Amino acid sequence: MKDNIYISVVVISFNGIEFIEDCLATVQTSLNNINSEILVVDNGSADGTVELIENKFPNIRVLKNADNLGFAKAVNQGFEMTSGVYIVLLYLDTSIVGI
């Protein structure tokens with residue numbers, strides 16, 4: 001377990017600029033007092049999703065696939081890159097409310 005990460009959140013993304021900001025903001029807020037990491041696996045978005053993440057969420061790691069490798073492949077890539085005790089898998093249209 002690297003850096004005592006308790007929760008790893010993996011978000012799968014593809015051309016989701018209209019959803020990703022709210023998703024990441026609510027996840028960050030929910031994890032505020034928890035030793036955690038957030039990773040976005042982007043499947044070749046061409047709508048500015050990656051640029052938005054890099055500009056507004058510089059502390060979130062982004063794995064940028066050149067092409068859409070599919071959901072299952074992206075999930076496996078994300079799981080391989082995390083180090084938490086628990087892994088939470090989200091799609092980019094998820095918002096966390098009330099934790």
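The values are calculated or read from the model by the stated rules, or taken from the named source; none is laboratory data. Fair warning: this is a prediction, and the values are worked out from it, not measured in the lab. All Cβ positions, glycine included, derive from the backbone under ideal geometry; neighbour counts span all protein chains shown.
Brief remarks on what is shown
- Being on the phi > 0 side of the Ramachandran plot and among the polar types (S, T, N, Q) is a description that does not apply to Asn55.
- First in region 62-78 and among the aliphatic types (A, V, I, L, M), second anywhere and in a loop (DSSP other than H, G, I, E, B), Cβ under 9 Å, 6 or more apart: Ala66/Gly44; Leu69/Gly44; Ala74/Phe14; Ala74/Asn68
- Residue match in region 10-19 (condition: at pLDDT 95 or above and of a type in the set (D, E, K, R)): yes
- Leading residue by the ranking (surrounded by the fewest Cβ atoms within 10 Å (Cβ to Cβ)) among those in region 65-85 that are of a type in the set (A, V, I, L, M) and in contact with a strand residue (DSSP E or B) (Cβ under 8 Å, 6 or more places away or on another chain): Val85
- Each residue in region 53-74 was checked for being of a type in the set (Lys, Arg) and more than 23 Å from Ser36 (Cβ to Cβ), and 1 of them qualify.
- Condition met for Asp67 (over 10 Å from the mean Cα position of the chain (by Cα), charged (D, E, K, R) and assigned to a loop (DSSP other than H, G, I, E, B)): yes
- In summary, Ser8 fulfils each of the numbered conditions (1) in a helix (DSSP H, G or I); (2) within 11 Å of the chain's Cα centre (by Cα); (3) of a type outside the set (A, V, I, L, M, F, W, C) with the single exception of condition (1).
Yes or no, residue by residue, for (1) under 14 Å from Val10 (Cα atoms); (2) touching a strand residue (DSSP E or B) at 6+ places or on another chain (Cβ under 6 Å); (3) among the β-branched types (Val, Ile, Thr):
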position	(1), (2), (3)
Glu51	no, no, no
Ile60	yes, yes, yes
Leu63	yes, yes, no
Ile87	yes, yes, yes
Asp93	yes, no, no
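- Hits in region 26-36 (condition: surrounded by fewer than 18 Cβ atoms within 10 Å (Cβ to Cβ) and in contact (Cβ under 8 Å) with a residue 24 or more places away in the chain): Thr26, Gln28, Thr29, Ile34, Asn35
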